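One structure is given below, encoded as structure tokens.
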Amino acid sequence: MRIKKLLCMLLTLTLLFSGNVYADEGIGESGTTTTNPGDVELRYTNISSITSDLAILSSGTAICTGRHVMKKNLKSELVLTLQRRSTSKDDSFSTYKEWTKSCSGTGSFLLEKKPTVTKGYDYRLRVVVKVYSGSKVTEAAACYSKTVTY
């Protein structure tokens, strides 16, 4: 009996301390990583930062701003997706509008769009950055703005 307890404890400790976290574990099927407040921050080789900002004016004009900073002289793609929350029971967000910008080089890249939105919904902006080596995506990241009700 004592040996069984000892083996169970040893096995539990082994499993507990054998888990490794790799940077690519946060990459989803679409090749992007997502971070939320309080999540572990992943470090990137080529992307220095990524930001997403959404403001909606009283006129119904949404100001959608996505920005990323590149450390290395590579091609990247900046995708802004304005999402609207569904009024169905699942309460999920779906694509309302989407824009893409191709970038190349180092430094800061910005994409800003100003679509008109409909009252009575919650909106958020998803920003995705993909870094390319040739035609292959070598690094990807995503972030979301705060949800804004209009």
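The values are calculated or read from the model by the stated rules, or taken from the named source; none is laboratory data. On a predicted model such as this, the values are computed, not experimentally measured, just so you know. Ideal geometry is used to build each Cβ from the backbone, glycine not excepted, and the neighbour counts take in all protein chains shown.
Out of 137, 128, 69, which single residue is crowded, with 17+ Cβ neighbours inside 10 Å, assigned to a strand (DSSP E or B) and in contact (Cβ under 8 Å) with a residue 24 or more places away in the chain? The unique qualifying residue is 128.
The condition (being surrounded by 14 or more Cβ atoms within 10 Å (Cβ to Cβ), at pLDDT below 95 and of a type in the set (Phe, Trp, Tyr)) is satisfied by just one residue among 144, 121, 96: 121. Of the residues screened, residue 77 is not one that is exposed (fewer than 15 other Cβ atoms within 10 Å of the Cβ), acidic (Asp, Glu) and either over 13 Å from residue 145 (Cβ atoms) or at pLDDT below 95 (or both).
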